[in-house]
Structure formats: C-alpha cells, structure tokens
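These notes concern the structure reproduced below.
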Amino acid sequence: MKRLTVLYDGTCALCVRCRDFLATARTLVPLELLSCQSHEARMRDGAVPWLGEELVVVSDDGDVWAGPAAFLVSLWALADYREWSYRLSGPALAPLAERFFVAISSQRRRIATLFAKPRCEDGDVCRIPHLDHEAHSPRVPYR
Amino acid sequence: MDPLTIVPVTQSPFLVPVYVAYAVIAIGLTVGLARVLFRSGAVFLEDVFKDSPKMAEAVNRLLVVGFYLLNLGYAALIMKATGAHTTVEAAEVLAWKLGALLVSLGVMHFFNMYLFYRIRRRGQIAMLPPPVAPQMRLPSDTRAHAFAVRQAHEAQAFPAHP
C-alpha cells in the first residue's frame, strides 16, 4: 500500500474541518484527500456503493473501507494516532468507537452548524475557495 | 529527634554495624540488578535496533548508568537512622531501610520495563497493517486506468516547467 485516498463529504463543514486537519497532520502513509462530490472521485471510485453516504477510504491496491472502518483507517494513517486506531479496533472499545462515529456521521450537518457559516440559499455565494481545485462538479453550497 | 543531631556511638553501639550492613547489601543488590537489566536489556534492544547494534549498546549503557545513579543516590539519602540501641532495634532499622530500598528498586525495575516496551512499540508500529479488514476490493485495472487518465490530465493542465 503506497497511498490512501480519503473520500469525504465536501458539502459538510465538519468534514471539511477534519479534512484540513488530516492535510496538516503527520502521516505514516501518504494521504490523498478528495471530496466525494468531485469529478475525480466519481470517475475513480464511483463503483464504491457507500460513496456519498459514508466516509470512504480507498487504498491504491483497491481495498475499500467505509464508515467506522474508514475512520479507524484514517487514524491508522496518522503517526500520532496509529496506536489509538489499534485500541479503538480492539474488542473492548470497538462497539463504542463504532457508535461514536455513526452518531457523529449521521449528525454531521447539525454539528457543522455550530461552527460553520450560516446556510446560504444561493449556491454561488457560499463556497470553499481553497477546495476549488478538487470540486470540478457543479457548485454546491457550503452548509 | 532533630535529624541533624549527632548521636554518639557509645549510645548507639549497633548503629555503625547497621550502616555497614546496609551499605554492603544496598550496593550488592544494585550492582546485581543492574547486571540482570544489562543482560536482558541487551537482548531486547538488539531486537528494537536491528539495523544499528551500536545504538542498542549505547542505549543499554545509558539506561544502566541512569539506574545506578538513581538507586545508589536514593540508597545514600535514606541511609541515616536515628539510633540502634539493641540488637533487635538494629535488625528492625536494617529491615526498614532495606525494605524502602527494595521497593524503590522494584518501582525502577518496572519503570525500566515500561520504557523498553515503549521503545519497542515505537519501532514496531510503523510496520503494522491496518486495524480492520477492508469491506470491499475494487478491481485494480479500472482504478489504474482512471489514475492514468488523471495523470494525463495533469500533464496537460500543469506542464512541467523547464
């Protein structure tokens, strides 16, 4: 495995925050961060059934993880949190980690309103400027 | 009693023998344990520093030096006793001092083992596989094709600078 691609929800402010964190964190495996709404994601990994609904991590060998498993694999890629990925996948903490991730993932829009910009009805104005090069798809509002 | 008060030897005839016995036992124990740590630690560190055996030796020696310093220092600090008027009291004082020293040696020993564990873990962790098995496997040819297309796009959009 030479590289991991993390496919996150580009329309969710919480996910974009996490993506920014992953972009600057120290990694043991090179990470590529891609919005799942982007053209490239659809082209390369469109065959993945969870794309767009859950967090998806794809390795360059073709291994796919989705949901809580994808969360653990993203932790595994980070140098400072690899030990945590093993702890959270062990029998003691795995159910808790799974519940935690599913709760956050399903409530991500609500959590995003805590620190995101207010909802913009006109899709043109609210954009994430630094992600323009990723999203070749039609404009999506920043919620 | 004021710890700085000097107790005349005639009042505590057993104090000096207690001190001597304590010093001998303390130094003997520390040296013996340091040898055990050195030998077992060498095996352990050789595994951790597979590619640099000199590093393993160096780390081992440094840890043993630290062990000596802490333990002999602590033994010296707790040596002072207030008095030993009878043989019974002498035995009690000796037992108490040795007990305190052994407990501290035990704590140091487990701390050393924890340090070794952490060093080993740090070396190992970069080699371990992902914590969970993948849920799906994409056929490699479709991804390779898509990746090649993207590289072509990139070459077009960002031509290499001379």
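A few notes on this one:
- Proximity of backbone amide H atoms, modeled 1.01 Å from N, is registered between A:GLY10 and A:CYS36, A:GLN37 at under 5 Å, excluding neighbours fewer than 5 places apart on the same chain.
- Percent accessible area from carbon and sulfur atoms, region B:72-132, protein chains only, probe 1.4 Å: 72
- Measuring r between the beta carbons of A:ARG109 and A:ALA23 and using R0 = 25 Å, the FRET efficiency lands at 0.70.
- Computed with every protein chain present, the accessible area of A:LEU55 is close to 40 Å² [probe 1.4 Å].
- A simple rule links phi to the HN-Hα coupling: the Karplus curve 6.51 cos²θ - 1.76 cosθ + 1.60 with θ = phi - 60°, which for region B:25-40 gives 5, 4, 5, x, 4, 4, 5, x, 5, 4, 5, 4, 4, 5, 5, 5 Hz, with x for Gly and Pro.
- A/B buried area, accessible surface, summed, 1.4 Å probe, Å²: 2200
- Over region A:5-47, accessible surface divided per residue gives 40 Å², non-protein components excluded, 1.4 Å probe.
- For region B:76-85, the Karplus equation 6.51 cos²θ - 1.76 cosθ + 1.60, evaluated at θ = phi - 60°, returns couplings of 5, 5, 8, 5, 4, 10, 6, x, 9, 8 Hz by residue, with Gly and Pro reported as x.
- The accessible area of B:PHE67, taken with all protein chains in place and a 1.4 Å probe, comes to roughly 10 Å².
- In the assembled protein chains, A:GLU32 presents an accessible area of approximately 20 Å² (probe radius 1.4 Å).
- Measuring how big region B:1-101 is from its alpha-carbon positions, Rg and Dmax come out at 18.8, 62 Å.
- Probe 1.4 Å, all protein chains present, accessible-area order of A:TRP65, B:TRP96, largest first: B:TRP96, A:TRP65
- Long-range HN-HN contacts of A:THR27 with modeled amide H, under 5 Å: A:ALA79
The values are calculated or read from the model by the stated rules, or taken from the named source; none is laboratory data. Note that the coordinates shown come from a computational prediction; the quantities given were computed from them, not determined experimentally. Cβ atoms come from the backbone with ideal geometry, glycine included; neighbour counts cover every protein chain shown. When the accessible area is computed, the model is the full protein with side chains, heavy atoms only, and any ligands, DNA or RNA have been set aside. Shrake-Rupley method; radii C 1.70, N 1.55, O 1.52, S 1.80 Å.
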